[in-house]
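Participant: The structure is given below, and queries will be raised subsequently.
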Amino acid sequence: MASVHKPTAAAADPESKDFSRSRELRPKAHELIPGGAHTYAKGDDQFPEQAPGFIVRGKGCHVWDVDGNEFIEYGMGLRAVTLGHGYEPVVEAAYRQMQLGANFSRPAKIEVDLADSMLDIIDGADMVKFAKNGSDVTTAAVKLARAYTGRDLIVICGDQPFFSTDDWFIGTTEMNAGVPRAISEMTLKFRYNDLDSLRELFDRFPAQIACVLFEAEAIACPAPGFLQQVKELCEQRGAILIFDEMITGFRWHLGGAQKFHGVTPHLSTFGKAMGNGFAIAALMGKREIMRLGGLDHDQPRVFLLSTTHGAETHALAASLEVIKIYREQAVVEYLWRQGERLRELVNRSITENRLEGHFELLGRSCNLVYATRDQERNPSQAFRTLFMQELIRRGVIAPSFVISLAHCDLDIQHTAEAVYEAHIVYRKALDEGVQNYLAGRPVKPVNRKYNTSISS
Ligand SMILES: Cc1ncc(COP(=O)(O)O)c(C=O)c1O
């Protein structure tokens, strides 16, 4: 199924990494690009100092940096690449379409083809609108909910990290410079698995809440009945329920977390894995709401996702091919199975290195992340950095352990060996002090107010 790329000897040798070209390029990247990257989560402050700075190419789950170092990587384009880098059937589908033209003055037929395919896999949706970024479709869902209900306030889940680059969400984070307070104040927060915290908002702001937007599941599993109860509460109070399926879509189930949990929202948003790295996102939902963005009603019109590049044809072709492959190769089942295999091996290493309470794998097998804690069992960025540093020395880039179809048994085995060795260093750092093992400053949270704030 997945192509096998045996890690080279160099990738496995902790002493062999040369990052001199990355180091040379870094000042220029920061001079030309604010933050030195186009996504904060890829930035230098998110990785150890001894890390590949720039990637040149990728194949499957392997990448090569500007210095020629090879790594197995996890996360893969912030979870956008679930089939593997340079996955040929998808690349070829996009290329074939590119040769027929990328963008015309009337809609392309392929817009209808992909709409059909997406509506076929997302049970409760009647209509779909495409865009290029997840942020744009979650923002569109919020706008549509406000227009449909005639209400201004929105509710998001305060325990989940990210929904959009737009003001209605970023204004609620630490990194809110440039967002008018009036906008941030219209976004309220409830707590996951705490129905009372949501009910309290509906009571405090009667008939003012347009929508409740969250991920049906992120790291914590929903308590029995929780998602259904949220839906019922929304319907009782006249609000729209929106599931953000950017991460869960094409991962928990081909039909999304909504299918996995058997709760259909009024609107939902998809992106990331939908195009295996090509830029494509989708807003999906009930006709009664979605049609406000259409031409066949006499209510005030909603300006719904009308962008120049929204239906760029080769991204649509890529997505059509992705859906075909998911159906043919049982991709979701593979992600769960291979994630479970990795979980077992990492958990064994935690036990053998006496790291219980200090290192923990969290989340579903198809979406594994990890927590790092210090001697007092407090969350620690320094230990996170140390762990990533030791993995990188052994040829693994792992800000998470989110796998893809390309992570074959050999990759998992190599990763497990690297984790075991990194855990040995982790244990020593717990006993002797992390500063004795960390080569450089710790990583920092993405959404922080000032560049200088460093948590330990
Ligand atoms: C849950 C969730 N929603 C929305 C987004 C925004 O997607 P994009 O980066 O494509 O704008 C992200 C991105 O990380 C996300 O994780």
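The values are calculated or read from the model by the stated rules, or taken from the named source; none is laboratory data. In this text the structure is predicted, and so the values were computed from the model without any measurement. No Cβ is skipped: glycine too gets one built from the backbone with ideal geometry, and neighbour counts run over all protein chains shown. For accessibility, only protein heavy atoms count, side chains too; no ligands or nucleic acids. Shrake-Rupley method; radii C 1.70, N 1.55, O 1.52, S 1.80 Å.
Participant: How about the range 17-38: which of its residues are part of a loop (DSSP other than H, G, I, E, B), open to solvent by 50 Å² or more (accessible area, probe 1.4 Å) and in contact (Cβ under 8 Å) with a residue 24 or more places away in the chain?
Facilitator: D18
Participant: Would you point out the residue of the range 90-102, among those that are open to solvent by 30 Å² or more (accessible area, probe 1.4 Å) and not in a helix (DSSP H, G or I), that is nearest to the ligand (Cβ to nearest atom)?
Facilitator: Here the residue is A102.
Participant: Take the residues of the range 167-200 that are more than 27 Å from L362 (Cβ to Cβ) and among the aliphatic types (A, V, I, L, M): which is most open to solvent (accessible area, probe 1.4 Å)?
Facilitator: The qualifying residue most open to solvent (accessible area, probe 1.4 Å) is A177.
So that you can scan it fast, the table gives a plain yes or no per residue for (1) out of contact with any Gly (no Cβ under 9 Å at 6 or more places or on another chain); (2) within 16 Å of the ligand (Cβ to nearest atom); (3) farther than 24 Å from L227 by Cα:
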residue: G275; (1), (2), (3): yes, yes, yes
residue: K286; (1), (2), (3): no, no, no
residue: Q299; (1), (2), (3): yes, no, yes
residue: A317; (1), (2), (3): yes, no, yes
residue: A330; (1), (2), (3): yes, no, yes
residue: V346; (1), (2), (3): yes, no, yes
residue: L355; (1), (2), (3): yes, no, yes
residue: H358; (1), (2), (3): yes, no, yes
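Participant: Could we say that S349 is part of a loop (DSSP other than H, G, I, E, B) and modelled with pLDDT of 95 or more here?
Facilitator: Taking the combined requirement at face value, the residue does not satisfy it.
Participant: Next up: Residue under question is F250, and the condition is that it be open to solvent by less than 10 Å² (accessible area, probe 1.4 Å) and within 14 Å of the ligand (Cβ to nearest atom); does it hold?
Facilitator: In short, yes.
Participant: Additional query: Examine the range 194-202 for a residue that is of a type outside the set (K, R), in contact (Cβ under 8 Å) with a residue 24 or more places away in the chain and within 16 Å of the ligand (Cβ to nearest atom), and state whether such a residue exists.
Facilitator: No, the range 194-202 contains no residue that is of a type outside the set (K, R), in contact (Cβ under 8 Å) with a residue 24 or more places away in the chain and within 16 Å of the ligand (Cβ to nearest atom).
Participant: Residue by residue through the range 253-270, note down the ones that are open to solvent by 10 Å² or more (accessible area, probe 1.4 Å) and among the aromatic types (F, W, Y).
Facilitator: F260
Here's the yes/no breakdown for (1) modelled with pLDDT of 95 or more; (2) assigned to a loop (DSSP other than H, G, I, E, B); (3) over 26 Å from F162 (Cα atoms); (4) in contact with a Pro (Cβ under 8 Å, 6 or more places away or on another chain):
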site: L361; (1), (2), (3), (4): yes, no, no, no
site: L405; (1), (2), (3), (4): yes, yes, no, no
site: I412; (1), (2), (3), (4): yes, no, yes, no
site: V425; (1), (2), (3), (4): yes, no, yes, no
site: V443; (1), (2), (3), (4): no, yes, no, yes
site: T452; (1), (2), (3), (4): no, yes, no, no
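Participant: When you go through S105, S164 one by one, which is the residue that is assigned to a loop (DSSP other than H, G, I, E, B), open to solvent by 90 Å² or more (accessible area, probe 1.4 Å), under 26 Å from S306 (Cβ atoms) and among the polar types (S, T, N, Q)?
Facilitator: Going through S105, S164 in turn, just one is assigned to a loop (DSSP other than H, G, I, E, B), open to solvent by 90 Å² or more (accessible area, probe 1.4 Å), under 26 Å from S306 (Cβ atoms) and among the polar types (S, T, N, Q): S105.
Participant: Quick one: count up the residues across the range 133-157 that are outside any helix (DSSP H, G or I), open to solvent by 40 Å² or more (accessible area, probe 1.4 Å) and within 16 Å of the ligand (Cβ to nearest atom).
Facilitator: Total meeting the criteria: 1.
Participant: How about the range 280-299: which of its residues are more than 20 Å from L114 (Cα to Cα), hydrophobic (A, V, I, L, M, F, W, C) and in a helix (DSSP H, G or I)?
Facilitator: I289, L292
Participant: Also: Only one of these is crowded, with 24+ Cβ neighbours inside 10 Å, at pLDDT 95 or above, out of contact with any helix residue (DSSP H, G or I) (no Cβ under 6 Å at 6 or more places or on another chain) and in a helix (DSSP H, G or I): A317, A273. Name it.
Facilitator: The unique qualifying residue is A273.
Participant: Return yes or no: is D113 open to solvent by 90 Å² or more (accessible area, probe 1.4 Å) and either without any contact (Cβ under 8 Å) to a residue 60 or more places away in the chain or away from the ligand (no atom under 16 Å from the Cβ) (or both)?
Facilitator: no
Participant: Considering the range 234-247 alone, what residues qualify as being within 14 Å of the ligand (Cβ to nearest atom) and either β-branched (V, I, T) or open to solvent by 10 Å² or more (accessible area, probe 1.4 Å) (or both)?
Facilitator: I242, M246, I247
Participant: So, F205, is that one at pLDDT 95 or above, surrounded by fewer than 16 Cβ atoms within 10 Å (Cβ to Cβ) and touching a strand residue (DSSP E or B) at 6+ places or on another chain (Cβ under 6 Å) or not?
Facilitator: Criteria met by F205.
Participant: Kindly establish whether G53 is over 17 Å from F250 (Cβ atoms), at pLDDT 95 or above, crowded, with 23+ Cβ neighbours inside 10 Å and not acidic (D, E).
Facilitator: The answer is no for G53.
Participant: Consider Y87 carefully, then state whether it is hydroxyl-bearing (S, T, Y) and either within 16 Å of the ligand (Cβ to nearest atom) or free of Cβ contacts under 8 Å to residues at least 40 places away in the same chain (or both).
Facilitator: The answer is no for Y87.
Participant: Limited to the range 39-88, what total is found for residues that are β-branched (V, I, T) and not in a loop (DSSP other than H, G, I, E, B)?
Facilitator: 4
Participant: Among the residues of the range 320-356, which ones are within 30 Å of D374 (Cα to Cα) and open to solvent by 30 Å² or more (accessible area, probe 1.4 Å)?
Facilitator: W336, E340, R341, R343, E344, L345, N347, R348, T351, E352, R354, E356 - these are the residues of the range 320-356 that are within 30 Å of D374 (Cα to Cα) and open to solvent by 30 Å² or more (accessible area, probe 1.4 Å).
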